[in-house]
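For reference, the structure is listed below as structure tokens.
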Amino acid sequence: MPLAPSLPHTLAADSSPSALPSTDKAAQTASGVDWDTLRQDFPVLSQLIHGQPLVYLDNAATSQKPNAVIESIDHYYREDNANVHRGVYTLSERATQAYEATRDKVRGFLNAAEREEIVFVRGTTEAINLVAQSFARPRLKPGDEILISAMEHHSNIVPWQMVCEQTGAQLKVAAINDNAEIVLDDYRKLLNKNTRLVAITHISNALGSINPVQEMIALAHQQSIPVLLDGAQAAPHLAVDVQALDCDFYALSSHKIYGPTGVGVLYGKRSWLDAMEPYQGGGDMISRVTFEKTEYNVLPYKFEAGTPHIAGVVGFGTALDYVSGIGLENIVVREQQLLQYATQALLPLEGLRIIGTAKDKASIISFVLEAAHPHDISTILDQQGVAIRAGHHCAMPVMERFKVPATARASLAFYNNKDDIDRLVEGIKEVNRIFGGA
Ligand SMILES: Cc1ncc(COP(=O)(O)O)c(C=O)c1O
């Protein structure tokens, strides 16, 4: 497929996060990546909303897709579409090859030891439900505990509540402090002989906090407790090495990594996946079926029942090529610069308070304004072409913890720039003017 994005690869040594240079051209010189040109790869960004150029700042919800990804999906349907793993004819073999090629790319992206440890699912939510039903449910009994944190997305709360109801196990919650950091002492105390699994977010979608997961995994492993990381927000913004982390499971979604919706990954250590029974039955996950008994397929196919989202997986592979072409190390620096610039620009605004001030933070800024409800902020900003999220961000317990009904949230991706942030700031000033603030 002639779809590999042409990206600059010359990367300079200077990677220290510092305030965003006054022009993006200067940023380009610092990292060797031409961010202005990369932005042009995203067609959705070149449009007017209410007569103003779109500023897209809801990347934590989903990221935009580069031409290469869109074209690879188009190419797949035009040239290669067939079902996978079933046919011996050319099209089916091509579809299978393209689908399986993405598995190899994901293995490399996460530095998993084996491709059999990569299971395709619909997204982070399904990956966590798979672990809840196939790993936790058969192992839990009354009195057992699952440990999460107070900053989890509903996707990393509700599946555990469901499995607790099914088994009589209990959900325990490690506290977070006022800066939105995990209280490690509390976490340590909650790890005990009844804990069967820790399930923690790598980066909080509502607060931006980057959790000290390496240390948290080591503490859990001291007591032989396996750890699942919810990587929905981390995989697009940090280089993830599942072997270095030594996590037992890692969940992510393609659509947050510039790939299509409806595709995600569960990484699991082979020893666990081998020992787990599938929770969904159907085609492709079997090796032999009779009415008396079914033998399951080998890894990873025993967890991929039914026809998968083949085109989505193919597009996801292209997205991973695209991100790897830029280099996550460059993306981290770029987004940290944007975060710093945005934080410094927002803090002086009248009545604005940032919720989530962890020392280690990704480019997500949740905030409240004294003068206006987050929904009003978002609606007024939309009139100016600026898209931000308002609400509970699928993290209602976080809102409760910080005693706010909702927050406004600007979440930045590498294709955002200083102008986007300036437009956000101008928009918030306008909100303050309308609602009688400064
Ligand atoms: C931290 C976190 N976990 C889980 C999810 C769920 O991801 P998905 O809806 O793609 O399954 C999200 C989505 O916003 C998230 O931010």
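Where a number appears in this text, it was derived from the coordinates with a stated rule and is not lab data. This structure is a prediction, so every number in the text was calculated from the model and none was measured. Cβ placement follows ideal geometry from the backbone for every residue including glycine, while neighbour counts extend to all protein chains displayed.
Structure data summary
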| item | result |
| --- | --- |
| Pair list, Cβ under 8 Å, 6 or more apart: the range 181-199 residue in contact (Cβ under 8 Å) with a residue 24 or more places away in the chain, other residue aromatic (F, W, Y) | L197/F135; A199/W160 |
| Per-region count, the range 290-316, residues among the aliphatic types (A, V, I, L, M) and either within 21 Å of N129 (Cβ to Cβ) or exposed (fewer than 13 other Cβ atoms within 10 Å of the Cβ) (or both) | 4 |
| Any hit, the range 421-437, residues being crowded, with 17+ Cβ neighbours inside 10 Å, small (G, A, S) and away from the ligand (no atom under 15 Å from the Cβ) | yes |
| Long-range neighbours under 8 Å by Cβ, at least six apart or interchain, first residue closer than 14 Å to S204 by Cβ within the range 396-409, second of a type in the set (S, T, N, Q) | V398/S204; M399/T407; T407/S366; R409/S366 |
| Tabulated pairs, the range 238-259, first closer than 15 Å to I326 by Cβ, second small (G, A, S) and within 13 Å of the ligand (Cβ to nearest atom), C-beta under 8 angstrom, 6+ apart or interchain | L238/A362; I257/S63; I257/A235; Y258/S63; G259/G312 |
| Test: residue in the range 366-379 that is of a type in the set (A, V, I, L, M, F, W, C), under 19 Å from the mean Cα position of the chain (by Cα) and in a loop (DSSP other than H, G, I, E, B) | no |
| Criterion violated by E215 - all others in (1) in contact with a strand residue (DSSP E or B) (Cβ under 7 Å, 6 or more places away or on another chain); (2) part of a helix (DSSP H, G or I) satisfied | (1) |
| Single residue of the range 317-356 satisfying the filter (among the β-branched types (V, I, T) and over 19 Å from A372 (Cβ atoms)) that is surrounded by the most Cβ atoms within 10 Å (Cβ to Cβ) | T318 |
| Options V173, V198, V183, V163: the member that is more than 28 Å from K65 (Cβ to Cβ) and in contact with a Ser or Thr (Cβ under 7 Å, 6 or more places away or on another chain) | V173 |
| Residue that is nearest to the ligand (Cβ to nearest atom) [pool: residues in the range 257-269 that are in contact with a strand residue (DSSP E or B) (Cβ under 9 Å, 6 or more places away or on another chain) and either under 17 Å from L229 (Cα atoms) or outside any loop (DSSP other than H, G, I, E, B) (or both)] | G264 |
| Options I200, I217: the member that is within 16 Å of the ligand (Cβ to nearest atom), within 25 Å of A362 (Cβ to Cβ) and surrounded by 15 or more Cβ atoms within 10 Å (Cβ to Cβ) | I200 |
| Top-ranked residue of the range 380-404 - restricted to ones that are more than 15 Å from the ligand (Cβ to nearest atom) and in a strand (DSSP E or B), ranked as surrounded by the most Cβ atoms within 10 Å (Cβ to Cβ) | V386 |
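Yes/no per residue for (1) hydrophobic (A, V, I, L, M, F, W, C); (2) surrounded by fewer than 17 Cβ atoms within 10 Å (Cβ to Cβ):
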{"residue": "V84", "(1), (2)": "yes, no"}
{"residue": "G87", "(1), (2)": "no, yes"}
{"residue": "A95", "(1), (2)": "yes, no"}
{"residue": "L110", "(1), (2)": "yes, no"}
{"residue": "R115", "(1), (2)": "no, yes"}
{"residue": "V131", "(1), (2)": "yes, no"}
{"residue": "S134", "(1), (2)": "no, no"}
{"residue": "P142", "(1), (2)": "no, yes"}
{"residue": "I148", "(1), (2)": "yes, no"}
